Amino acid sequence: MAERILSTESRAVRRYTTCGELRRQHIGRTVTLKGWVHRRRDHGRLIFLDLRDRYGITQVVANPAHSSAAHEVAEHVRAEYVLAVTGQVVARPEGTVNPALSTGEIEVLADQIEIINPAKTPPFPIAEETDVDESLRLEYRYLDLRRARLQRNLLLRHQVVRFIRQYLEERDFVEVETPMLIKSTPEGARDYVVPSRIFPGHFYALPQSPQQLKQLLMVAGFDRYYQIARCMRDEDLRADRQPEFTQIDLEMSFVDVEDVLELIEGLYTEMFERFASKPLQAKPFPRLTYEEAMRRYGSDKPDLRFGLEIRDVSSVFHDTSFGVFRSVLAQGGVIRGFAVPGFSDATRSQLDQLTEIARSFGAKGLVWLALQQDSGHLTARSPIAKFLSEDEIAALAQRLQAGPGDLVLLVADAEDTAATILGRLRLHVGRERKLIDESVHAFCWVIDPPLFEWNEEEQRWEAMHHPFTSPRDEDLPLLDSDPSKVRAKAYDLVADGFELGTGSIRIHRREVQNKIFNIMGYDDNEIERRFGHLLRAFEYGAPPHGGMAPGLDRTIMILAGESSLREVIAFPKNQRAQDLMLGAPSPLDERQLRELHLRVVYPEDEATNALA
Ligand code: ASP
């Protein structure tokens, strides 16, 4: 009779033994294992089967001298067959103990092997961590999910979510589910919509986030809400985006910026100390204002794992004889740059390449100076060397904290343009020169961003975060005079150069909210049509409130050391928003369309049509 062994950590009741739990102390027992054939090795007389489940791998031996029936079955078994194996736990012979396996001290001598289900040869190997074409992995995701990497990542995800729930629940947060079929919530992306059968021509929107609902929960008095929330945005996809993704969505009442930052920083500090394989670069997390992040790193999500800090050097050149710099400065532009340590020996082709790359980022040109020591003097090898005085070179070096052996890169342009070009160039050089310290995780906060940004195409102000974000109190008067200068009570959490999430203190008074919508160009009718429900709620006693929504997928991606979100999502979409396993999106049949009162007008454009 097979015995049941319950693993010490688990109280799961199973009528069989998992492939990860047998140890030396179980020697002598008879057990039944169930699982998949990971590998099969035929040594002529003996056949070894590695049986796998999500708990581990156990070696099974089929010895014809012990059970010819079991050996007979083992001869026909192939990789990924599902088996039930009954046999005795025995010690592995001297010299064959495998310390890499938790079950490596024992093996199971098969009395009986039952093939529960055979398997076709999988389209890619499950047991090996070989590179496989991603489309194939996505099409056969259930097989990909059997492989060690995704098992590891999904397990990590589960553990992190459990930790998040516990952390928030210990702090009085209540988990509330919000609906999927809602009305459009503006988070800056296109909505996915669902047609109504009952109301022809009417549509639900899938939530871009539960933003308005969580605010309404604050009006309802829930005080501290959270949800592991699914969000849907119909965006053009980049490598680190998915059309549906998960947020750690939370909201709190009677709080200000500091309270939210403290809560989230505590959450992430504990989470990374518990689950990450690398330490945090700095605790507490450095805080940068948006203005500072743009000025020093040319990015609102600066990667602080390396230096190459950008500095403004305009003042060095106020008397310059170099025409390009002079005219940029005369037009109110800036000269900014950074020094690359030890790169003064850059070759001509490396420098040409850097210039090309800066151009591809929108630069009109890139000025480089290779600093060197010349009989006690600091000099520069540079296409603009003849325009530079010794004093200018010295002042430049001092500003950029550079010296002989370093390469200086400068961009002269309008302030915002120079900042973003240099930000991208900084990242490029940091990666190319391997300056990024990959042994740590570097978090930071970026706070006080502008409330609005100008939409050139539509010629109107739009909310930089979302329109429910509160302006900073001291900037309220600027709403009328200069909206561009109004800063928001908003914050971004950044890790290793990724934006992990944004949040803000919200507007909780109707008149302020109205005013923001007005500045964004909505008239009263449109405000009522789109946001009437929220504004009405604010008239019934809305507490001050604020929150945040860090991205769960990205968090796990960083914790797992992966570079694509698809590696940490069980069933992701590809970069064209397709589910290759299910074959979605797919056409509806005529009857479904009729029921929904829809008719499809196919685009003329062949390229778009090719998919249909
Ligand atoms: N709903 C916001 C977002 O999805 C986050 C927040 O403000 O809490 O970015």
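Of the strands (runs of 3 or more DSSP E) that lie entirely inside region 2-79, those containing 1 or more residues that are farther than 16 Å from Val90 by Cα and at pLDDT below 95 span 30-43.
Anything in region 353-374 that is part of a helix (DSSP H, G or I) and surrounded by 13 or more Cβ atoms within 10 Å (Cβ to Cβ)? List them, or say none.
Of everything in region 353-374, those that are part of a helix (DSSP H, G or I) and surrounded by 13 or more Cβ atoms within 10 Å (Cβ to Cβ) turn out to be Gln353, Leu354, Thr355, Ile357, Ala358, Arg359.
Residue check: Ile198 meets all listed conditions (1) within 16 Å of the ligand (Cβ to nearest atom); (2) of a type in the set (Val, Ile, Thr); (3) more than 29 Å from Ala549 (Cβ to Cβ) but one, namely (1).
In the set Arg29, Arg23, Arg54, Arg15, only one residue is basic (Lys, Arg) and more than 29 Å from Leu154 (Cα to Cα); that residue is Arg29.
Checking the structure you have, find out if any residue of region 565-579 is within 16 Å of the ligand (Cβ to nearest atom) and either free of Cβ contacts under 8 Å to residues at least 40 places away in the same chain or closer than 30 Å to Ser439 by Cβ (or both). Yes, region 565-579 has at least one match. May I ask you to verify whether Ile115 is among the β-branched types (Val, Ile, Thr), in contact with a Phe, Trp or Tyr (Cβ under 7 Å, 6 or more places away or on another chain) and closer than 30 Å to His26 by Cβ? For Ile115, the condition - among the β-branched types (Val, Ile, Thr), in contact with a Phe, Trp or Tyr (Cβ under 7 Å, 6 or more places away or on another chain) and closer than 30 Å to His26 by Cβ - is met.
Per-residue answers, yes or no, for (1) assigned to a loop (DSSP other than H, G, I, E, B); (2) among the hydrophobic types (A, V, I, L, M, F, W, C); (3) within 24 Å of the chain's Cα centre (by Cα); (4) modelled with pLDDT under 95:
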position	(1), (2), (3), (4)
Val494	no, yes, yes, no
Ile505	no, yes, yes, no
Tyr522	yes, no, no, yes
Ile527	no, yes, no, yes
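For region 91-117, the set of residues classified as in a strand (DSSP E or B) and either over 19 Å from Gly35 (Cα atoms) or among the hydroxyl-bearing types (Ser, Thr, Tyr) (or both) consists of Ala91 only. Scanning region 14-41 for residues that are without any contact (Cβ under 8 Å) to a residue 60 or more places away in the chain, in contact with a Phe, Trp or Tyr (Cβ under 8 Å, 6 or more places away or on another chain) and of a type in the set (D, E, K, R) gives Arg40, Arg41.
What tally of residues in region 370-408 results from selecting those that are touching a residue at least 12 places away in the same chain (Cβ under 8 Å) and either farther than 26 Å from Ser349 by Cα or of a type in the set (S, T, N, Q) (or both)?
Qualifying residue count for the region: 11.
Just to be sure I understand the filter: pairs with C-beta atoms under 6 Å, separated by 6 or more residues or on different chains, first member in region 304-327 and closer than 18 Å to Gln401 by Cβ, second member part of a loop (DSSP other than H, G, I, E, B). Which pairs pass? Close Cβ pairs (under 6 Å, with a partner that is part of a loop (DSSP other than H, G, I, E, B)) amount to Leu304/Ala442; Phe306/Leu435; Phe306/Ile436; Ile310/Gly298; Arg311/Leu400.
Do the conditions hold for Met557, that is, is it in contact with a Leu (Cβ under 7 Å, 6 or more places away or on another chain) and under 22 Å from Asp492 (Cβ atoms)?
Here the answer is yes, as Met557 does meet what is asked.
Checking Arg599 against (1) without any contact (Cβ under 8 Å) to a residue 60 or more places away in the chain; (2) assigned to a strand (DSSP E or B); (3) not acidic (Asp, Glu), which test does it fail? Checking Arg599 against (1) without any contact (Cβ under 8 Å) to a residue 60 or more places away in the chain; (2) assigned to a strand (DSSP E or B); (3) not acidic (Asp, Glu), the one that fails is (2).
Among the residues of region 148-168, are any surrounded by 13 or more Cβ atoms within 10 Å (Cβ to Cβ) and assigned to a loop (DSSP other than H, G, I, E, B)? No, region 148-168 contains no residue that is surrounded by 13 or more Cβ atoms within 10 Å (Cβ to Cβ) and assigned to a loop (DSSP other than H, G, I, E, B).
For the subset of region 494-551 comprising residues that are within 16 Å of the ligand (Cβ to nearest atom) and among the aromatic types (Phe, Trp, Tyr), which member is surrounded by the most Cβ atoms within 10 Å (Cβ to Cβ)? The residue in question is Phe531.
Taken over region 320-341, the criterion of being more than 14 Å from Ala418 (Cα to Cα) and either surrounded by fewer than 15 Cβ atoms within 10 Å (Cβ to Cβ) or hydroxyl-bearing (Ser, Thr, Tyr) (or both) is satisfied by Thr320, Ser321, Gly323, Ser327, Ala330.
The values are calculated or read from the model by the stated rules, or taken from the named source; none is laboratory data. Keep in mind that this is a model prediction, so the values were computed, not measured. Cβ: placed from backbone, ideal geometry, glycine included. Neighbour counts: every protein chain shown.
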